[in-house]
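A.B. asks: Once you've had a glance at the structure underneath, I'll fire off some questions.
Quick note: the coordinates plus some simple rules give every number you see, no bench work behind them. Remember, it's a predicted structure, so these values are computed and weren't measured experimentally. Neighbour counts are summed over all protein chains in view; Cβ atoms, including those assigned to glycine, are modelled from backbone coordinates with ideal geometry.
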Amino acid sequence: MNIDLVNNKASINDLVSLKKETPVTNLQPSSPNNTFGDDGVLAANLKKINNSGSNPFGSPPNTSSDKSLKEGVVKKAYQSFAELDSNRNGFLSNKELINKMHDPNVKSEKAAVVATLLTNETKIRNLSNDEKTIESSGISKNDLIALDKIEGQGSLKEKVESNYYNALYKASSAKSYFDSDGKLILPKKASEISFSHINQGGAGDCYFLAALASQAQRNPQKILDMIKDNKDGTYDIKFSDKTVKVKAPTETEIGLYGDGAGWMSLIEKAYAVYRNDGALLKKDNPYDKSGGGSVVIGRGIKELTGNSFETNLLKATNKNSTRSKLIDAEKNNKLMTASISKHIVSKSEFNLPDGHVYTIMGYDSQTDKVKIRNPWGHTEAENDLGIARDGSDDGVFEVSIDEFYKAFSMVAYEKK
């Protein structure tokens with residue numbers, strides 16, 4: 001073994017031997033320029049090891065090829081591994097995948113692969129025991145091989161495949177959001193904005209998108225006024241108390257999160273940044289910070305309009321009072337949302353998702369029915385056969401005021 005501590009020279013094999021044979025206490029730097037890592041190895045050489053792509057102190061590198069893998073998303077992920085593994089350490093970390101998510105050059109199938117791996121990263125990385133301690137470094141090739149071997153209906157592999165094709169469909173559809181020069185196409189007039197453009201994806205921001213759909217229905221010009229094209233690839237999005245600058249959403253972001261129109265995906269991306277910037281504990285992925293609004297269901301109303309809101313617990317509110325407030329809100333173009341909480345409603349009526357916020361589209365005093373929209377853009381009140389009661393599963397449905405009280409927990413009204 002030949003190690004020159006003064007000139008920072010040593011081979012990787014020497015360092016491995018040094019790691020195994022020499023107590024850390026016997027290593028003393030001979031000059032101020034020689035610094036050691038936590039394991040007593042020269043930090044400069046640790047950096048060389050990391051950059052070389054080898055992993056002498058961890059698990060042995062996987063030497064399998066992709067020939068044994070079945071056709072599908074797992075094989076595509078395996079084949080893309082080297083490109084996605086930015087630091088060449090043999091693991092796809094959450095941060096590496098997030099960086100790829102923000103990359104506008106990641107498109108189509110590769111965008112869908114990144115979206116799928118991000119969605120399932122925690123579960124996939126635990127499939128093979130290839131780390132010395134907890135499985136925290138990310139997804140390895142061993143994990144992908146283990147995933148490929150899983151079979152059965154309802155399995156993780158089936159879910160991963162479903163996530164992939166859903167993300168691929170959305171990423172492919174997103175191509176229509178951009179012109180031939182790759183510039184995001186934005187509405188030029190209010191009539192080009194519709195609540196039907198709002199389809200929630202993987203972010204838990206139903207409370208915001210429900211309010212945004214209400215704004216699109218009642219005051220589309222205000223949405224148009226939120227967006228400023230800076231003509232340099234960035235956009236300023238104005239919320240009630242702050243303006244956020246963002247780039248256009250990437251195909252991976254659209255594959256993972258909301259879709260339906262370019263303006264909708266742009267505003268949702270800006271909202272994620274808006275929430276993350278205002279948080280004490282920030283997330284590497286801003287979209288992870290935009291969830292959790294179902295407790296304060298009117299939050300999105302305030303952040304969009306700057307106006308306060310009134311929240312009513314339906315169990316504690318007279319039906320005639322609710323009727324009057326619904327009529328007043330519709331007459332004065334006030335935003336309205338409603339939530340379903342399993343802690344308040346004993347069981348889910350009509351198979352509607354709970355822990356979720358919906359848009360109140362209106363109230364018809366003649367029929368005594370409330371018109372609702374699910375921000376998912378699908379999944380609505382069903383009949384006994386599990387089919388949408390109105391025959392069209394577009395997320396828009398009507399319930400009587402009595403059914404509304406059975407199914408929903410709270411209502412939020414904008415105050416003007």
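A.B. asks: Any residue in region 106-122 that is buried (at least 19 other Cβ atoms within 10 Å of the Cβ), more than 22 Å from the chain's Cα centre (by Cα) and not hydroxyl-bearing (Ser, Thr, Tyr)?
C.D. replies: No, there is no match, as no residue in region 106-122 is buried (at least 19 other Cβ atoms within 10 Å of the Cβ), more than 22 Å from the chain's Cα centre (by Cα) and not hydroxyl-bearing (Ser, Thr, Tyr).
A.B. asks: From the list LEU186, LEU212, pick out the single residue that is part of a loop (DSSP other than H, G, I, E, B) and of a type in the set (A, V, I, L, M, F, W, C).
C.D. replies: Exactly one residue qualifies, and that residue is LEU186.
A.B. asks: Please work out which one of (1) in contact with a helix residue (DSSP H, G or I) (Cβ under 7 Å, 6 or more places away or on another chain); (2) farther than 30 Å from ASP328 by Cβ is the condition SER194 fails and give its number.
C.D. replies: The number of the failed condition is (2).
A.B. asks: Looking only at residues that are among the hydrophobic types (A, V, I, L, M, F, W, C) and part of a strand (DSSP E or B) in region 224-283, which one is farthest from SER172 (Cα to Cα)?
C.D. replies: Looking at residues that are among the hydrophobic types (A, V, I, L, M, F, W, C) and part of a strand (DSSP E or B), I get VAL244.
A.B. asks: Among the residues of region 203-222, count how many are over 17 Å from LYS371 (Cβ atoms) and over 22 Å from the mean Cα position of the chain (by Cα).
C.D. replies: Of the residues in that region, 4 qualify.
A.B. asks: I would also like to ask the following. Given the residues ASP85, ASP179, which is the only one that is farther than 22 Å from ALA203 by Cα and surrounded by 16 or more Cβ atoms within 10 Å (Cβ to Cβ)?
C.D. replies: ASP85
A.B. asks: Restricting the search to region 198-209, which residues are part of a loop (DSSP other than H, G, I, E, B) and either more than 17 Å from THR379 (Cβ to Cβ) or out of contact with any helix residue (DSSP H, G or I) (no Cβ under 7 Å at 6 or more places or on another chain) (or both)?
C.D. replies: Answer for region 198-209, where residues must be part of a loop (DSSP other than H, G, I, E, B) and either more than 17 Å from THR379 (Cβ to Cβ) or out of contact with any helix residue (DSSP H, G or I) (no Cβ under 7 Å at 6 or more places or on another chain) (or both): just GLY204.
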